[in-house]
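For reference, the structure discussed in these notes is given below.
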Amino acid sequence: MDLSSLKPAKGSTKSEKRIGRGQGSGYGGTSTKGHKGAKSRSGYKRKIGFEGGQMPLQRRVPKFGFKNINRVEYKGININVIQALADKRKIKEIDFQTLVDAGLAQKNDKIKILGNGKLTSKLEIKAHAFSKSAVKAIEDLEGNAVKI
């Protein structure tokens with residue numbers, strides 16, 4: 001036995017259907033495409049969203065809403081995360097660069113400090129925005145909330 005004598009198992013392969021090769025093949029004439037209509041023509045391609053002449057879904061459903069181009073997207077960081085970072089690195093001042101170095105923000109993010117969690121140490125925190133509850137929690141411990 002050698003590689004030149006190998007062939008697929010009997011019945012595992014079929015020959016391709018050769019259409020449009022004359023009447024004798026059984027697939028001549030209309031070449032299995034039926035009579036007339038767009039689908040029988042060469043170069044036919046159905047439009048995306050075409051539903052056979054029925055009003056398509058994207059035209060039946062009304063438009064609504066809008067995209068506010070003036071929206072400022074903040075990356076929210078809770079004070080319990082800030083406290084964990086301060087404890088881990090033993091620091092009293094947290095600024096934007098500290099948060100980027102810790103992997104809590106990207107360099108192009110705007111940071112908003114949120115008030116979820118408990119703050120236990122006096123910290124000076126510099127961020128782009130603060131929630132009211134976060135400012136209250138920071139200032140209750142004589143800390144500073146500085147907007148940058």
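Quick notes on this structure:
- Pick from the stretch 50-77, criterion within 30 Å of ILE111 (Cα to Cα) and in contact with a helix residue (DSSP H, G or I) (Cβ under 9 Å, 6 or more places away or on another chain), ranking: surrounded by the most Cβ atoms within 10 Å (Cβ to Cβ): ILE77
- Pick from the stretch 50-82, criterion in contact (Cβ under 8 Å) with a residue 40 or more places away in the chain and in a helix (DSSP H, G or I), ranking: farthest from ALA102 (Cα to Cα): ILE79
- The stretch 13-25: number of residues that are assigned to a helix (DSSP H, G or I) and of a type in the set (Gly, Ala, Ser): 2
- Members of the stretch 49-86 that are among the small types (Gly, Ala, Ser) and under 26 Å from the mean Cα position of the chain (by Cα): GLY49, GLY65, GLY76
- Subset of the stretch 34-81 (residues that are among the aliphatic types (A, V, I, L, M) and under 30 Å from GLU139 (Cβ atoms)): VAL72, ILE77, ILE79, VAL81
- Assessment of the stretch 26-49 against the conditions (surrounded by 13 or more Cβ atoms within 10 Å (Cβ to Cβ), among the hydroxyl-bearing types (Ser, Thr, Tyr) and either in a helix (DSSP H, G or I) or touching a residue at least 40 places away in the same chain (Cβ under 8 Å) (or both)) yields at least one matching residue.
- Selection within the stretch 87-114 - within 19 Å of GLU73 (Cα to Cα), under 28 Å from the mean Cα position of the chain (by Cα) and part of a loop (DSSP other than H, G, I, E, B): GLY103, LEU104, ALA105, GLN106, LYS107, ASN108, ASP109
- Residue in the stretch 122-139 that is in contact (Cβ under 8 Å) with a residue 24 or more places away in the chain, exposed (fewer than 15 other Cβ atoms within 10 Å of the Cβ), part of a strand (DSSP E or B) and among the charged types (D, E, K, R) present: yes
Every read-out reported here was derived from the displayed coordinates using simple, explicitly stated rules and does not represent laboratory data. The shown structure was predicted, so the numbers you read here are calculated from the model rather than taken from an experiment. Glycine also receives a Cβ, built like all others from the backbone with ideal geometry; neighbour counts cover every protein chain displayed.
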